[in-house]
Amino acid sequence: MSFFKKLKESISTKTESVTNIFKDGLEKTRKGFVEKVSDLVIRRKKIDEEFYEELEEILIGADVGVNTVMDLIDDLRAEVKKRKIQDAAELQPVLSEKLTALLRSEQNNSLNMNKDGITVILFVGVNGVGKTTTIGKLAHRFKNEGKKVLLAAGDTFRAGAIEQLEVWGQRAGVDVIKQQAGSDPAAVMFDAVQAAKQRGADVLLCDTAGRLQNKTNLMEELNKIFRVIQREIPGAPHEVLMVLDATTGQNALSQAKLFGEKSGVTGLVLTKLDGTAKGGIVIAIRQEMDIPVKLVGLGEKADDLQPFDSEQFVHALFAGLIQDAETEEADNEVK
């Protein structure tokens with residue numbers, strides 16, 4: 001069975017609406033990456049040194065990451081020799097297969113939920129990456145699952161952050177625990193945990209300040225928040241999710257490395273994938289960091305925040321080629 005056929009079958013059991021969210025959200029990356037590869041295959045036809053050089057440029061341009069691209073090109077060279085591939089068109093399914101393997105992980109990328117009480121999820125990351133929006137969308141998802149959700153407005157420094165979280169709280173129909181702007185974030189967290197206990201909440205989603213990762217006082221603030229939460233709910237926070245803006249590409253990877261090492265991050269959220277042609281950053285992050293990508297933002301609607309699924313991701317990228325392969329197969333059957 002061809003790789004594209006296998007890929008289509010692997011997602012056939014998944015919800016069509018989710019498949020469409022991935023397809024729509026990754027349209028820019030598909031055009032900026034896969035269509036360029038298809039164009040290269042049509043133009044070059046033959047696999048030679050110039051073909052590899054152009055493919056390398058396309059992959060680096062999609063922010064797959066230089067180290068990962070070098071390894072991938074070496075892998076493709078070995079595969080071409082082994083399978084005696086001469087026609088460039090035969091390389092497309094091989095490339096798709098390799099990208100799927102790079103995105104797969106043995107790590108569990110589902111959210112860690114507390115089975116015995118309140119699940120506390122802490123959100124970290126620099127300003128402007130879509131942290132508050134992500135919290136609002138996740139609150140919406142949990143609420144739809146029938147869970148009682150509370151939000152904690154712990155970003156007390158950024159102007160408008162508390163109000164922004166309140167707007168999302170109203171949209172999702174969940175309460176926000178807050179204090180005045182400039183208050184001690186750890187005190188907000190203490191109030192939020194107490195409120196979550198009193199109101200029998202299932203999930204507490206906590207926003208935190210996002211000034212630049214090289215400010216040591218921010219790390220001290222996060223440590224204080226950790227201590228307050230852990231003292232009140234042993235084992236919490238159950239997730240520390242770092243939110244990254246996919247449109248910033250390699251900069252997002254640098255942020256993840258700097259921030260991730262210092263703040264006990266357990267998972268990554270990649271936002272704004274629909275706004276960039278550089279969705280390859282997901283591959284770079286998967287390869288260069290030992291932290292799973294747990295959620296991806298694929299659009300502006302509340303349902304566009306989705307659990308990361310490597311098969312859906314690759315299927316969305318290669319949707320056009322899968323269709324072409326099916327058409328070709330049908331034509332051959334008619335003949």
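Given the C-alpha centroids of segment 1-72 and segment 231-250, what is the distance between them in whole angstrom?
Computed from Cα coordinates, the inter-centre distance equals 29 Å.
At 7 Å along Cα-to-Cβ for each site, give me the label-to-label distance between residue 70 and residue 116 in nm.
4.9 nm
Label the chain by shape, choosing from rounded, prolate and oblate, from the square roots a ≥ b ≥ c of the eigenvalues of the Cα gyration tensor; if a/c is under 1.5 it is rounded, and otherwise prolate applies when a/b is larger than b/c, oblate when it is not.
Values: a/c = 2.66, a/b = 2.02, b/c = 1.32.
Because a/c hits 1.5 or more and a/b exceeds b/c, the chain counts as prolate.
With a sphere of radius 15 Å drawn around the Cβ of residue 23, what net charge do the other residues whose Cβ falls strictly inside it have (Lys, Arg +1; Asp, Glu -1)? Don't jump to the answer; show the numbers that get you there.
Working: positive: 8, 14, 28, 30, 31, 301; negative: 16, 24, 27, 35, 274, 303, 304, 309, 311.
Summing Lys and Arg as +1 and Asp and Glu as -1 gives -3.
Under the rule a/c < 1.5 gives rounded, and otherwise a/b versus b/c splits prolate from oblate, where does segment 161-207 land using the Cα gyration tensor?
Details: a/c = 2.33, a/b = 1.04, b/c = 2.24.
Judged from the Cα gyration tensor, segment 161-207 comes out oblate (a/c at least 1.5, b/c at or above a/b).
If Lys and Arg each add +1 and Asp and Glu each add -1, what is the summed charge of the other residues whose beta carbon sits under 9 Å from the beta carbon of residue 278? Intermediate values should be presented prior to the final figure.
Values: positive: 28; negative: 63.
Around residue 278, the charge tally is 0.
Calculate for the chain the 222 nm mean residue ellipticity that helices alone would give, adding -39,500 (n - 2.57) per DSSP H run of length 4 or more and normalising by residue count, nearest 500 deg cm²/dmol. Kindly include the intermediate steps, with their values, before the conclusion.
Working: 14 runs with 174 residues, N = 335.
Roughly -16500 deg cm²/dmol at 222 nm, from the helical runs in the chain.
Let me check I've understood the local charge: for residue 114, count other residues with C-beta under 15 angstrom from its C-beta, Lys and Arg +1, Asp and Glu -1. What total comes out?
Working: positive: 115, 147, 148, 197; negative: 116, 145, 202, 232, 239.
Around residue 114, the charge tally is -1.
Under a point spin-label approximation (7 Å from Cα along Cα-to-Cβ), what is the residue 31-residue 257 distance to one decimal in nm?
That separation, rounded to one decimal, is 3.2 nm.
Work out the P(r) tail for segment 76-179: percent of alpha carbon pairs separated by more than 19 Å, whole number. Present the calculation step by step, with values, prior to reporting the outcome.
On the way: 3229 of 5356 pairs.
Tail of the P(r) past 19 Å holds 60 percent of the pairs.
With labels modelled as points extended 7 Å from the Cα through the Cβ direction, what inter-label distance (nm, one decimal) is found for residue 230 paired with residue 301?
Distance between label points: 4.1 nm.
Which helices, counted as full DSSP H runs in the chain, have an axial Cα extent of no less than 15 Å and a Kyte-Doolittle average of -1.0 or above? Walk me through the numbers on the way to the answer.
Numbers: long enough: 49-61 (18 Å, -0.25); 66-83 (25 Å, -0.37); 91-103 (18 Å, 0.85); 131-144 (20 Å, -0.89); 161-172 (17 Å, -0.31); 185-198 (20 Å, 0.44); 216-232 (25 Å, -0.54); 250-262 (19 Å, -0.69); 319-334 (23 Å, -0.70).
Correct list, ordered by number: 49-61, 66-83, 91-103, 131-144, 161-172, 185-198, 216-232, 250-262, 319-334.
Bear in mind that the values in this text are calculations on the coordinates, not laboratory data. This one's a predicted model, so the numbers in the text were calculated from it and none came from an experiment. Ideal geometry is used to build each Cβ from the backbone, glycine not excepted, and the neighbour counts take in all protein chains shown.
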